[in-house]
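Peer 1: Before anything else, here's the structure in question.
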Amino acid sequence: MANSYTNIIVKGQNQEVLLNYLESLKINAYVSPFIKDIAIVYPELAENDSQDLFSLASLISSQFNNYTLAVLNHDETVFHYQLYECGKLVDQYLSNPRFHDLEAEDILKGGNAQKLCSAFKLTKAVKKVKAILEEHGEGIYLFSSERHKKLVKALKIPFFWATESVGGYIYIQKGAITPMTEKEPTPGFALSMLKKTKSVNSQNIFPIEAKSPLETLLKVKQYNFPLPKLRQQM
């Protein structure tokens, strides 16, 4: 099966702070080390429902008044991100509209290079990021993760932790970390650097009667694109 993974890139909050906050929400997740003002969250709940991924990104952004970038790569056919500022959705991108609707126009949807670069304080990279988002045509980005990796490099996001080398919650849980170069951490060392929230019953994290912040967010109609259900990997 092709690669599928989800994660949330968080600006300005370290590993310990994010772990404590996620534990307060009773969310199973791993958190990467804090590198270049960025930590990455790999939530379990996002492996099955992308709405949960984007809602959690909004919640984290609102809690810390910062930027979060939620990323979804689905079966190497769809690259989808949503960018949040202080909890508000400010930009999103969908690489393959036909994934949801075979009759849709074969054009890219969304993606604001200016907003992305502003979030990561890289205003000089706008032209490069715009080109990555807009590149389109036969033979270009046969795998959606290739576009994601180019974008990660352009935005100077920690590459190893943000791409399929680490992937998402299930990859980490199964120890399926795959360094791409000799300079990247070994799987064992990478696992030792990741930290996990205290385990909870993820099947019943937010029962309806709990009126949780995440459950409340899920009721907000903030998505302009249909969202895919993710299939289990490995």
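Peer 1: Here is a list of conditions, (1) open to solvent by 30 Å² or more (accessible area, probe 1.4 Å); (2) under 19 Å from LEU72 (Cβ atoms), and LEU151 meets all of them except one; can you say which number that is?
Peer 2: All conditions are met except number (1).
Peer 1: Would you be able to tell me the number of residues in the stretch 14-36 that are open to solvent by less than 30 Å² (accessible area, probe 1.4 Å) and either closer than 22 Å to LEU116 by Cβ or hydrophobic (A, V, I, L, M, F, W, C) (or both)?
Peer 2: 8
Peer 1: Considering the stretch 141-172 alone, what residues qualify as being under 16 Å from THR186 (Cα atoms) and touching a residue at least 40 places away in the same chain (Cβ under 8 Å)?
Peer 2: We begin by selecting, within the stretch 141-172, every residue under 16 Å from THR186 (Cα atoms); these are 158-167, 171-172.
If the condition is that a residue be under 16 Å from THR186 (Cα atoms) and touching a residue at least 40 places away in the same chain (Cβ under 8 Å), then PRO158, TRP161, ALA162, GLU164, VAL166, GLY167, TYR171, ILE172 are the ones that fit.
Peer 1: Something else: Condition first: within 21 Å of TYR5 (Cβ to Cβ) and at pLDDT 80 or above. Now tell me which residues in the stretch 90-105 satisfy that.
Peer 2: ASP91, GLN92, TYR93, LEU94, SER95 - these are the residues of the stretch 90-105 that are within 21 Å of TYR5 (Cβ to Cβ) and at pLDDT 80 or above.
Peer 1: Filter the stretch 37-52 for residues that are open to solvent by less than 50 Å² (accessible area, probe 1.4 Å) and without any contact (Cβ under 8 Å) to a residue 60 or more places away in the chain; which is farthest from GLU76 (Cα to Cα)?
Peer 2: From the stretch 37-52, those open to solvent by less than 50 Å² (accessible area, probe 1.4 Å) are 38-47, 49-50, 52; that's our starting set.
This time we only want the ones that are without any contact (Cβ under 8 Å) to a residue 60 or more places away in the chain, so: 39, 41.
Values: ALA39: 24, VAL41: 21 Å.
The qualifying residue farthest from GLU76 (Cα to Cα) is ALA39.
Peer 1: Which condition number does LYS11 fail, the rest of (1) open to solvent by 40 Å² or more (accessible area, probe 1.4 Å); (2) out of contact with any helix residue (DSSP H, G or I) (no Cβ under 6 Å at 6 or more places or on another chain); (3) not hydroxyl-bearing (Ser, Thr, Tyr) being met?
Peer 2: Exception for LYS11: condition (1).
Peer 1: Using beta carbons and a limit of 7 Å, which pairs, at least six apart or on different chains, have the first residue in the stretch 13-36 and without any contact (Cβ under 8 Å) to a residue 40 or more places away in the chain and the second one buried (at least 20 other Cβ atoms within 10 Å of the Cβ) and not polar (S, T, N, Q)?
Peer 2: These pairs meet every condition: ASN14/ALA39.
Peer 1: Could you give every pair whose Cβ atoms fall below 8 Å, whose first residue belongs to the stretch 106-132 and is at pLDDT below 95, and whose second residue is open to solvent by less than 70 Å² (accessible area, probe 1.4 Å) and among the basic types (Lys, Arg), counting only separations of at least 6 or pairs across chains?
Peer 2: Matching pairs, first to second residue: ILE132/ARG147.
Peer 1: Inspect the stretch 136-144 for any residue being buried (at least 17 other Cβ atoms within 10 Å of the Cβ), assigned to a helix (DSSP H, G or I), modelled with pLDDT of 95 or more and within 16 Å of the chain's Cα centre (by Cα) and give the result as yes or no. Full working, then the answer.
Peer 2: Step one: of the stretch 136-144, the residues buried (at least 17 other Cβ atoms within 10 Å of the Cβ) are 141, 144.
Keeping just the survivors that are assigned to a helix (DSSP H, G or I) gives 144.
So of that shortlist, the ones also modelled with pLDDT of 95 or more come out as none.
Looking through the stretch 136-144, none of the residues is buried (at least 17 other Cβ atoms within 10 Å of the Cβ), assigned to a helix (DSSP H, G or I), modelled with pLDDT of 95 or more and within 16 Å of the chain's Cα centre (by Cα).
The values are calculated or read from the model by the stated rules, or taken from the named source; none is laboratory data. Quantities reported herein were computed from a predicted structural model and do not represent experimental measurements. Virtual Cβ from ideal backbone geometry, glycine too; neighbours counted across all protein chains shown. Accessible surface is based on the protein model in full, side chains and every heavy atom, while ligands, DNA and RNA are left aside. Shrake-Rupley method; radii C 1.70, N 1.55, O 1.52, S 1.80 Å.
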